[in-house]
Structures are given as C-alpha cells and as structure tokens.
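Scroll down for the structure; my scribbles are underneath it.
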Amino acid sequence: MSIEKIVEQALQDGYLTPSMEAEVGRICNTASELSIEEYMALDRLMGALLTGEVVVLPRKQFINVMEELVLSEAIARVAEIEATTEVTLDVGDIAAYALNRLPPLYATTEEGAHYQRAKAKEELQNMISQKVQEAIARSLDRPETENPTVFGKSPDVLSQVNTALQELAHKFDPDQSS
C-alpha cells in the first residue's frame with residue numbers, strides 16, 4: 001500500500017493502526033527518495049495527528065506466561081546438569097523445543113498473567129517439566145559438532161558429490177546425450 005493510500009485511510013477512519021504505521025516506516029526506510037506527493041501525504045498525516053483528527057492506536061502488549069515458566073524450568077535443569085558434568089547445553093534450544101510442544105498462555109495484563117501463572121503451575125507444571133526433560137534428552141543425544149551443517153564440509157563429502165555430478169553430467173548435456 002502506498003503512503004498516500006495509508007494517509008487517506010487514516011484520515012477516513014480517524015486512526016492509524018500499528019500495521020499502517022509500520023508500512024509507512026518501511027516505505028520511508030526503503031525508498032531512496034520520496035516523491036512530492038508522498039511528502040505532502042506525510043505532512044497531512046502529521047497535521048492530523050497533531051490536531052487529534054487522527055489518533056495512533058497503541059500496540060497491544062502480550063505476555064506469554066508459558067515462555068517464563070519454560071525458561072525458568074530449563075535454566076534450573078540445565079544448571080543442575082552443567083554443575084555435575086562437563087556438558088554445556090543451549091537453554092534457548094531447549095526452551096524452543098519445549099515451547100513448541102506446550103500450549104501458549106497469553107495475557108494482556110499483569111493480573112491476567114498472574115492468573116495464567118497460577119493456573120499453569122497447578123495444572124501444567126508436570127507437562128512443562130516433562131517437555132523440558134525431553135528437550136534436554138534430545139540435546140544430550142545430539143553429537144557435538146563445531147559448525148553443524150546439513151552436509152558438513154569434509155573434503156570427502158565434497159569429493160563424492162563432485163564425482164557423482166561428473167558421472168551424471170552427460171545425461172543433462174544435450175550435445176552428449178544419446
């Protein structure tokens with residue numbers, strides 16, 4: 001959507017949504033130069049914002065209480081393991097694995113977050129612990145590599161791929177096909 005259309009919509013509706021604001025920002029940041037029309041539209045928007053003709057809708061803040069609970073559990077379990085072994089675990093990987101297998105618990109107020117925390121501790125704490133343990137087990141089962149990649153960078157793998165490509169190339173070359 002163009003700046004002019006966004007401003008026109010904001011003037012018509014009386015408000016500028018967070019997505020409209022983000023789109024104007026994206027256009028301004030990516031354009032090497034704005035046109036006269038775009039500057040005029042931005043000037044109209046600024047005037048409307050200053051007079052209150054257009055108001056900016058606030059971004060709604062959400063809290064995912066499950067993230068807090070999983071991170072707390074993951075940090076505690078990882079600390080226990082790292083204190084007694086030479087193993088180093090990635091808390092972010094463990095939390096992400098567990099979070100992908102647990103329900104989100106969103107709240108928009110601190111009171112709602114408090115309610116969600118209490119509910120989760122009562123009803124979901126065993127599941128949270130179980131998913132974090134699964135994540136740790138998977139992480140411990142993974143072989144350690146310095147720079148993990150899909151194929152690795154060993155000369156042997158590259159050599160094998162190169163040989164296979166050379167052997168198959170004649171099938172794809174129209175001048176050499178039979």
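Taking the stretch 134-170 as the range and being assigned to a loop (DSSP other than H, G, I, E, B) and either acidic (Asp, Glu) or modelled with pLDDT of 65 or more (or both) as the test, the residues that pass are Arg142, Glu144, Glu146, His170.
Residue-wise test of (1) within 30 Å of His114 (Cβ to Cβ); (2) outside the structural domain of Ala118 (by TED's automatic domain parsing); (3) under 22 Å from the mean Cα position of the chain (by Cα).
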{"site": "Leu42", "(1), (2), (3)": "no, yes, no"}
{"site": "Leu49", "(1), (2), (3)": "no, yes, no"}
{"site": "Ser72", "(1), (2), (3)": "yes, no, yes"}
{"site": "Thr88", "(1), (2), (3)": "no, no, no"}
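Once the stretch 21-31 is narrowed to residues that are closer than 20 Å to Leu50 by Cα and either among the β-branched types (Val, Ile, Thr) or touching a strand residue (DSSP E or B) at 6+ places or on another chain (Cβ under 9 Å) (or both), the residue that is surrounded by the fewest Cβ atoms within 10 Å (Cβ to Cβ) is Glu21. Can you confirm whether the stretch 72-86 contains a residue that is of a type in the set (A, V, I, L, M, F, W, C), within 30 Å of Leu16 (Cβ to Cβ) and in contact with a helix residue (DSSP H, G or I) (Cβ under 8 Å, 6 or more places away or on another chain)? Looking for residues that are of a type in the set (A, V, I, L, M, F, W, C), within 30 Å of Leu16 (Cβ to Cβ) and in contact with a helix residue (DSSP H, G or I) (Cβ under 8 Å, 6 or more places away or on another chain), one finds none in the stretch 72-86, hence no.
Anything in the stretch 59-82 that is closer than 19 Å to Tyr106 by Cβ and free of Cβ contacts under 8 Å to residues at least 24 places away in the same chain? List them, or say none. Spell out how you get there, then give the answer.
Filtering the stretch 59-82 down to residues closer than 19 Å to Tyr106 by Cβ leaves 59-73.
If the condition is that a residue be closer than 19 Å to Tyr106 by Cβ and free of Cβ contacts under 8 Å to residues at least 24 places away in the same chain, then Ser72 is the only one that fits.
Considering Ala98, Ala107, Ala113, Ala118, the condition of being aliphatic (A, V, I, L, M), exposed (fewer than 13 other Cβ atoms within 10 Å of the Cβ) and assigned by TED's automatic domain parsing to the domain that holds Ile136 is satisfied by Ala118 alone. Among the residues of the stretch 50-63, is there at least one that is under 30 Å from Gln133 (Cβ atoms) and surrounded by fewer than 16 Cβ atoms within 10 Å (Cβ to Cβ)? There is at least one residue in the stretch 50-63 that is under 30 Å from Gln133 (Cβ atoms) and surrounded by fewer than 16 Cβ atoms within 10 Å (Cβ to Cβ).
The values are calculated or read from the model by the stated rules, or taken from the named source; none is laboratory data. The structure displayed is predicted, hence computed values, not measured ones. Cβ coordinates were reconstructed from backbone atoms using ideal geometry, including for glycine residues, and neighbour counts include every protein chain displayed.
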